[in-house]
1. Determine ³J(HN,Hα), in whole Hz, for all residues of the stretch 132-144 in sequence, where each value follows from phi through the Karplus function 6.51 cos²θ - 1.76 cosθ + 1.60 and θ = phi - 60°; x replaces Gly and Pro.
2. Summarise the accessible area of the chain (1.4 Å probe, protein heavy atoms) by the percent that is carbon and sulfur.
3. In nanometres, what is the gap between the two model label sites at Leu309 and Asp287, each 7 Å from Cα along Cα-to-Cβ?
4. Can you work out the FRET efficiency for the pair Asp196 and Gln267, with r the C-beta to C-beta distance and R0 = 41 Å, to the nearest 0.05?
5. For the stretch 56-159, report the translational diffusion coefficient in µm²/s to the nearest whole number, using Stokes-Einstein at 25 °C, 0.890 mPa s, and a Kirkwood Rh over Cα pairs.
6. For Ile201, what charge total do you get from the other residues with a beta carbon under 13 Å from its beta carbon, if Lys and Arg give +1 and Asp and Glu give -1?
7. Please work out the average accessible area per residue across the chain, using the 1.4 Å probe convention, and give it in Å².
8. With helices defined as uninterrupted DSSP H runs, which ones in the chain have an alpha carbon span along their own long axis of at least 15 Å and mean Kyte-Doolittle hydropathy of at least -1.0?
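The values are calculated or read from the model by the stated rules, or taken from the named source; none is laboratory data. Bear in mind that the values here come from a model prediction, so they are computed numbers and not experimental data. Counting neighbours? That spans all protein chains shown, and the Cβs are built from the backbone with ideal geometry, glycine included. Protein only, heavy atoms only, side chains kept; ligands, DNA and RNA dropped before computing areas. Shrake-Rupley method; radii C 1.70, N 1.55, O 1.52, S 1.80 Å.
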Amino acid sequence: MASPVVLMAVPMLPDLELALDSKFRLLRLWQAEDPGAMLRQHSGQIQALVVNHKFEASAAVIDALPRLEIVSSFSVGLDKIDLKKCKERGVAVTNTPDVLTDETADLAMALLLGTMRRICPADRYVREGLWPVHGDFPLSHKVSGKRIGIVGLGRIGSAIAKRAEGFSCGISYFSREKKPGVPYAHYSSLVDLARDSDALIVACALTPETRHLVSREVIDALGPEGTLVNIARGPIVDEAELVQALVDKRLGAAGLDVFEAEPQVPQELLGMDNVVLLPHVGSGTWDTRRAMGDLVVRNLEAHFSGKSLVTPVALE
Ligand code: 8YV
């Protein structure tokens with residue numbers, strides 16, 4: 001039987017590319033001079049699409065591939081995949097949950113510590129030779145024992161909560177529904193949670209309902225002493241309002257791994273010392289990316305050998 005044809009949309013991980021190349025007939029969309037022409041040329045052959053958060057698997061793309069059977073995402077987030085269209089077309093979808101939970105939760109804590117303890121400006125202070133000139137670095141804020149509000153208590157949000165417990169933090173969370181058997185305080189109003197938190201950590205999925213969930217009102221409730229951390233998706237936060245709040249000093253600090261129009265970062269943030277800016281590296285370690293790649297391959301292998309998918313996405 002001929003090898004299934006797999007289209008990889010963007011470069012992700014060399015190991016993953018090698019594995020896909022050895023098991024399937026791999027097409028690399030980003031290498032095509034004219035990606036549209038490549039899609040048209042192979043539209044009758046492509047059975048699987050491998051994507052990540054950078055590629056819009058829109059209804060138009062899915063419809064352009066009449067033999068498509070499966071979309072396998074090298075990410076846990078599914079916001080770039082038209083799930084409704086996949087369901088309508090009977091296309092299976094898989095993602096990479098669990099294997100990146102610890103890594104992303106670790107980074108949330110790193111951003112929390114980085115912003116509140118002002119690690120990056122302190123590092124720059126040493127490098128720029130300012131310590132012997134100006135003496136002691138200005139004081140920062142204690143993290144242990146602070147009130148942490150978590151937006152979305154899914155896998156990653158829960159892993160952040162666990163870590164924050166280790167810092168003796170008071171933990172509360174916002175979600176549509178109260179989670180049974182969870183020892184943290186549930187808020188059904190994000191404004192109220194922000195008002196009662198020293199730091200708000202965004203860890204929910206991006207959906208039409210969560211777009212700009214962290215609004216001006218929420219940012220103002222967090223206030224000039226508050227810290228916002230976002231390791232989820234940029235558009236969950238109203239970025240223009242966030243920037244303005246930081247400019248006006250209505251918000252204390254922000255630790256951001258994600259932005260609304262990645263890889264573009266608002267110019268105003270670049271000159272601020274009370275923000276830590278990272279280039280979407282939540283899952284960005286060899287360990288985790290290899291585990292994610294492994295899941296992508298195992299899902300495709302399961303699909304093409306008629307077995308149950310390892311991490312299927314339920315299409316509602
Ligand atoms: C990226 C992520 O997909 O899992 C997610 O939702 O955003 C990340 O893990 C990763 O950068 C892979 O390209």
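1. Couplings: x, 7, 9, x, 4, 6, x, 5, 10, 10, 5, 9, 3 Hz.
2. Details: 8010 of 15370 Å².
Whole-percent figure for carbon plus sulfur exposure: 52.
3. Modelled inter-label distance: 2.8 nm.
4. Values: r = 33 Å, r/R0 = 0.80.
Approximately 0.80, to the nearest 0.05.
5. Details: Rh = 17.7 Å.
Result for D is 139 µm²/s.
6. Numbers: positive: Lys146, Arg147, Lys162, Arg163; negative: Asp106, Asp198, Asp257.
Summing Lys and Arg as +1 and Asp and Glu as -1 gives +1.
7. Details: 15370 Å² over 316 residues.
Spelled out: the 1.4 Å probe surface of the chain, per residue, equals 49 Å².
8. Numbers: long enough: 101-116 (23 Å, 0.71); 155-166 (17 Å, -0.30); 286-304 (27 Å, -0.44).
Sorted by number, the helices that extend far enough and score high enough are 101-116, 155-166, 286-304.
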